[in-house]
1. With every protein chain kept in place and ligands, DNA and RNA left out, what is the accessible area per residue of the chain? Probe 1.4 Å, answer in Å².
2. Using a/c under 1.5 as the rounded threshold, could you call region 57-311 rounded, prolate or oblate? The axes a ≥ b ≥ c are square roots of the C-alpha gyration tensor eigenvalues, and prolate needs a/b larger than b/c, oblate otherwise.
3. Residue farthest toward the positive end of the dipole of region 57-311, with Cβ of Lys/Arg at +1 and Asp/Glu at -1: which of 271, 69, 80?
4. Can you give the local net charge around residue 181? Use residues other than it whose beta-carbon is closer than 15 angstrom to its beta-carbon, Lys and Arg +1, Asp and Glu -1.
5. Considering the options 213, 22, 166, tell which one lies farthest towards the positive end of the dipole of the chain, charges being +1 on Lys and Arg and -1 on Asp and Glu at the Cβ, about the Cα centre.
6. Quote the charge dipole size of region 172-312 about the Cα centre in Debye, to the nearest 20; the model charges only the Cβ of Lys and Arg (+1) and of Asp and Glu (-1).
7. Please give the peptides 71-83, 109-121, 201-213, 87-99 ranked by average Cβ packing (other Cβ atoms within 10 Å per residue), highest first, as a rough proxy for protection.
8. How charged is the neighbourhood of residue 77? Take every other residue with its Cβ under 15 Å from the Cβ of residue 77, and add Lys/Arg as +1 and Asp/Glu as -1.
Amino acid sequence: MRPKSYSIFGGHGSKSGVEHAAEVIFTVCGFFAVLAVASITLYMIISGTPALFKVGILDILFGTIWMPAAATPSFGILYVILTSIIGTALAILIGVPIGVMTAVFLAEVAPERLTNIVRPAVELLAGIPSVIYGLLGILILNPLMYKIELKIFAGSTTHQFTGGANLISAVLVLALMILPTVINISESALRAVPQHLRSASLALGATKIQTIFSAVLPAAKSGIITAIVLGTGRAIGEAMAISLVSGSSVNMPLPFNSVRFLTTAIVSEMSYSAGLHKQVLFTIGLVLFAFIMLINITLNNLLKKGEESHDK
């Protein structure tokens, strides 16, 4: 007599049981994901709002003087907010076109042998720790920026020389750091475009370049926007690398000024802060969190509208 064998995939009863168990597991995992986001949001609100009422919302968000250790402390973060907005926007303007064009080259133009060389290099960029980018910026980028700064402001009596640690250096480092994210996700989106779209475009007389820009890129738009969203999150949330190359001083975000981002403001002072100073740093974290959520919601809405218009 053959022994009975049991399988989780055998029989209607066992199958329904497995499906029910999988449904419960997936529901629990989804609940924990939502709970994590809700917990982080609640914690940031609880930790970040007290300073807004103690110092004043206008004094914190629109003040331009940051002197937390003064006899009469000032906690204005307007320049810090503007630096994060301008720095991230410039990094995206530089990094996204380069990243998308590189992805187009790898997915549509480059021969396979060259692709097999370039893609590992891009993946290696993604694995390099951010502090290494900062060190390379100090060794290579900052001296170059300082030479340019000396030539532009030669003889100036009002400019405060930064040694090359300025907004431009931070933007270039951020643009380099978002490249692997943009390239990898955009390339995957381009390779996922059905081949028949390319064939149809070529059959209608379009050239290869016309096919790429008129058929392939529009079809991969959702994936490319996802790459931009993740690249923006990487740029606005980066701290270690830009703390090394930006100078970390609270100034108006001009190209050759030493500047401080929202992330570097927290990193540079959290270790020794106390009392109201520490509460204001949590407020900066709340502002950063709000920026990231706003960017994600805005870009996702743009993506949904684009998909709806494409379907129509």
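1. With the other protein chains kept in place, the chain gives 57 Å² per residue.
2. prolate
3. Highest projection toward the positive end goes to 80.
4. -1
5. Value: 22.
6. Approximately 240 debye in magnitude.
7. Top to bottom by mean Cβ count within 10 Å: 87-99, 71-83, 201-213, 109-121.
8. +1
The values are calculated or read from the model by the stated rules, or taken from the named source; none is laboratory data. What you see is a predicted model, and the numbers here were worked out from it, not measured in a lab. Glycine gets a Cβ as well: all are built from the backbone with ideal geometry, and neighbour counts include every protein chain shown. These area figures cover heavy atoms from the full protein model, side chains too; ligands, DNA and RNA do not enter into them. Shrake-Rupley method; radii C 1.70, N 1.55, O 1.52, S 1.80 Å.
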